[in-house]
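Asks: This is the structure I have questions about; it appears just below.
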Amino acid sequence: METVKTEGVILRSMKHSESSRILTVFTEAQGKISLMAKGIRKGKGRSPADPFSYMNLVYSYKSSRDIQVLTQIELVDAFMGIRENMDKMRSAFAVCELTLRTIETQDSHPALFAILVETLQALNKTTGSPHNYFWRYGLRLIQEIGFGLDFNSCQSCGKEFTMEGGSFRFSFANGGLICGNCQDKSESLVSLRGESVRLLQYLNSGGIERAGRLKPSSPAVKEIDGLLLGFLNYHVEGMKGLKTAELFKY
Ligand SMILES: [Zn+2]
């Protein structure tokens, strides 16, 4: 048995009994982990142990157990700026569900943990488009699990794209754009408009500060959601979409 002290973001909180809950937490130290939390009652107000709350945690860890035992929990940030805005809430829940569905249990990803915290902090205070933060997080998560996407050059012949010309094709199999000359050889292509490609280029490699300022048209929103979720469904076993994505309005 070992005592683990770490920061974590709650991904899911499920009632176990009248006075206990099972928390699924993305921790800095050990990645995604399940914790038995005794004495946390869901009262009338918001519990600090709700999804996307950022906590300091202490738990006792035994490798033979699937669920570890939480001994201390302290709120770092409940992100009230997110909880007061429905669009921000949808993006934050989608970010949590994406992490829950794609990251293996006890597979440590400290860089992704930092990106998760940075994303929630930015979402908390943004006055821009909340959905963009979900996309940016999704693109970074895809990089972290080993499939970096490329929106700058053809994934078949390597030719660099110019932004002239209206139609782009993205390949789920190759994780990037395919040029006109190579399209016949490629399978599972989806079409993207230039606007979506520019936004994806920016969110895939740009800083978080300006991520919310870009205001996509509603066809671009549909295309980018379709691309990210389609890519994950194609590559991550058992993914099959996100429940929270059904909440997105177009
Ligand atoms: Zn090509």
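Asks: What accessible surface, in Å², does a 1.4 Å probe find on PHE147, ignoring ligands, DNA and RNA and rounding to the nearest 10?
Replies: Counting only protein heavy atoms, the figure is 70 Å².
Asks: All other residues with a Cβ under 13 Å from the Cβ of SER60 taken together, and with Lys, Arg as +1 and Asp, Glu as -1, what is their net charge?
Replies: Summing Lys/Arg as +1 and Asp/Glu as -1 gives +3.
Asks: Helix-derived [θ] at 222 nm for the chain: sum -39500 (n - 2.57) over DSSP H runs of at least 4, divide by residue count, nearest 500?
Replies: That comes out to -10500 deg cm²/dmol.
Asks: Would you mind getting the accessible area per residue of the range 81-250, heavy atoms of the protein chains only, 1.4 Å probe, in Å²?
Replies: Per residue, the range 81-250 has 47 Å² of solvent-accessible surface.
Asks: Report, to the nearest whole %, how much of the accessible area of the chain belongs to carbon and sulfur atoms, 1.4 Å probe, protein only.
Replies: Roughly 47 percent of what the probe reaches on the chain is carbon or sulfur.
Asks: List the GluC sites (Glu not before Pro) in the range 16-120 that DSSP assigns to loop (not H, G, I, E or B) and whose Cβ has at most 12 other Cβ atoms within 10 Å. Which are they?
Replies: Passing both the DSSP loop test and the Cβ count: GLU18, GLU84, GLU104.
Asks: Then there's this: For ARG169 and LYS243, what is the calculated FRET efficiency with R₀ set at 30 Å and r taken between the beta-carbons, to the nearest 0.05?
Replies: 0.55
Asks: Further question on the same structure: Provide the gained length on full extension for the span ASP87 to PHE147, in nm with one decimal, where the gain is 0.36 nm per separating residue minus the Cα-Cα distance.
Replies: 18.8 nm
Asks: Stretched out fully, how many nm does the piece from SER20 to ILE67 gain, at 0.36 nm a residue minus the Cα gap?
Replies: Full extension from SER20 to ILE67 adds 15.6 nm.
Asks: When the Kirkwood hydrodynamic radius is evaluated over all pairs of different C-alpha atoms of the range 1-78, what value in angstrom, to one decimal, is obtained?
Replies: With all distinct Cα pairs of the range 1-78 included, I get 12.3 Å.
Asks: Please report, in whole Å, how far the alpha carbons of the range 123-249 spread along each principal axis, starting with the longest.
Replies: Computed over the Cα atoms, the extents are 44, 36, 26 Å.
Asks: Would you pull out the residues with amide H under 5 Å of HIS109's amide H, same chain only if 5 or more places away, H placed 1.01 Å from N?
Replies: For HIS109, the qualifying residues are GLY31.
Asks: How many Lys pairs in the range 1-78 lie less than 19 angstrom apart by Cα atoms, where the lysines are 8 or more positions apart or on different chains?
Replies: 9
Asks: Are there GluC sites (Glu not before Pro) in the range 179-234 that DSSP marks as loop and that have at most 11 other Cβ atoms within 10 Å, and which are they?
Replies: Loop-located and lightly packed - GLU187, GLU209.
Asks: State, in angstrom, two size descriptors of the chain derived from its alpha carbons: Rg to one decimal place and Dmax to the nearest whole number.
Replies: Reported Rg and Dmax, both Å: 19.5, 62.
Asks: May I pose another question? What whole-number value in Å² describes the accessible area per residue of the range 1-78 for a 1.4 Å probe?
Replies: Result: 53 Å² per residue.
The values are calculated or read from the model by the stated rules, or taken from the named source; none is laboratory data. Not measured: the values here are computed from a predicted model. All Cβ positions, even for glycine, are placed from backbone atoms using ideal geometry, and neighbour counts span all protein chains on display. These area figures cover heavy atoms from the full protein model, side chains too; ligands, DNA and RNA do not enter into them. Shrake-Rupley method; radii C 1.70, N 1.55, O 1.52, S 1.80 Å.
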